[in-house]
1. How large is ³J(HN,Hα), in whole Hz, for each residue of the range B:65-71 in order, when computed from phi with the Karplus curve 6.51 cos²θ - 1.76 cosθ + 1.60 and θ = phi - 60°, using x for Gly and Pro?
2. Tell me, what ³J(HN,Hα) does each residue in the range B:84-101 have, in order and in whole Hz, if you take phi through Karplus 6.51 cos²θ - 1.76 cosθ + 1.60 with θ = phi - 60° and put x for Gly and Pro?
3. Cα atoms only, the range B:58-127: Rg and Dmax in Å?
4. In vacuo Debye scattering of the range A:99-144, one point per C-alpha: log10 I(q)/I(0) at q = 0.17, 0.21 Å⁻¹?
5. Please name whichever of A:L34, A:G120, A:L64 sits farthest to the positive end of the charge dipole of the range A:1-134, dipole taken about the Cα centre and charges placed at Cβ: Lys and Arg +1, Asp and Glu -1.
6. With the label 7 angstrom out along Cα to Cβ, how close does A:G120 come to the same site in each of the other copies, in nm, nearest first?
7. Pull out the extension gain between B:M65 and B:V96, defined as 0.36 nm times the separation in residues minus the alpha carbon to alpha carbon distance; nm, one decimal.
8. Would you look at the GNM of chain B, springs on alpha carbons closer than 10 Å, and say which of B:A32, B:A91, B:A127 moves the most?
2 protein chains.
Amino acid sequence: MEYNEAKQKFIQAWGTLGSNWGINKAMAQLHALLLLSTEPLSAEEIMEELQMSRGNVNMNLRALMDWGIVQKEHKVGERKEFFSTSKDVWALAKQVSKERRRREIEPILTVLEQVQRVSGDNKKEVAEFKKVTGELFDFSLKVDGMIDKFTKSDQTWFYKLLMKF
Amino acid sequence: MEYNEAKQKFIQAWGTLGSNWGINKAMAQLHALLLLSTEPLSAEEIMEELQMSRGNVNMNLRALMDWGIVQKEHKVGERKEFFSTSKDVWALAKQVSKERRRREIEPILTVLEQVQRVSGDNKKEVAEFKKVTGELFDFSLKVDGMIDKFTKSDQTWFYKLLMKF
DNA sequence: TTAAACTTTCAATAATATTTGAAAGTTTAG
DNA sequence: CTAAACTTTCAAATATTATTGAAAGTTTAA
């Protein structure tokens, strides 16, 4: 396979994967491009390469910075801003886990806890409601704790754990 | 909090959580409703309760059955079909993991592997490309294996593992 | 059979999310 | 200062995805 073909294919696949996991396609593709680039890219270069508008590039770069997976850089003697991402897959996985935990698991935990304080567990429906939401809460708490540990762990520890599987 | 309020809140939250993870809102809400119900529900009842059209209910029930988390049932002396879901959170998590692995992780593994066979690693870009996609492939393979183990494990084993964390 | 009860399909519509591009804003060199 | 170089914003346009509802299809009881 030729380099440009492979590159396009990877960027495309990364975009699709992102979509399936609630991350917009442009954002995922932009990230893929930075992952492959041997040096930081300017907004201009990204626009050119991915054929997307300045506004879109800007918005998605900021979203990626917000997720903590893209950094702004400055080159000496250049006005322009350049952007890069860490090539460390492990660090990337940790950062994404950390953010999703904060943005999505924590809120559902809050709701599950609130909703438990429903009145009238004499009725069958209410008893069932408490049971199900209670179990979901316990399980989510365990997963939450696990992700927390994971995001604070180092690679060696994680790979050792994987061995035990 | 009053039961109906809590119920609505939970269904709503489950829908939002679903959306964030690439699962459509109706599908997630429908699942939430079945989770809470003390007995199987007919399409009619679901339409009524969630205020959605027959077509939508039908489509999403089929999608949930496709995911293996909702089952069709028949009541004696009734023409109608009834639907239910397992209340076992553990079983649910395993089933969802299994399906997402099959639908999303496996395809990206295929692409990562293909794309590795790019020609010309004498050039800097190509070398970087191989390095990054190679590391992603290794990492994804490990995660894939882990999920596979998880979906085949039993609850006790998993909770013991959690302890070690 | 057949007609009532129910389920499925799918083109049209509606809702949501993404993208654009031009104008406004900001920074810096001179 | 000020104008060029660059970044950000955001209303409008476009694209994508979800939902409806009515018609077509299927099953069953009589």
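1. 5, 4, 6, x, 10, 9, 10
2. Each residue's phi maps through the Karplus curve to give 9, 10, 5, 8, 7, 4, 4, 4, 4, 4, 4, 5, 5, 4, 4, 5, 5, 4 Hz.
3. In Å, with Rg to one decimal and Dmax whole: 21.2, 73.
4. For the requested q values the scattering log ratios are -0.49, -0.66.
5. Going by the charge dipole, the pick is A:G120.
6. The projected label point of A:G120 is separated from its counterparts by 7.2 nm.
7. Details: separation 31, 0.36 × 31 = 11.16 nm, distance 1.18 nm.
Here the segment from B:M65 to B:V96 would lengthen by 10.0 nm.
8. B:A127
FYI, it's all coordinate maths here, none of it is from the lab. None of these values were measured; they are calculated from a predicted model. Backbone-built Cβ (ideal geometry, glycine too); neighbour counts: all protein chains shown.
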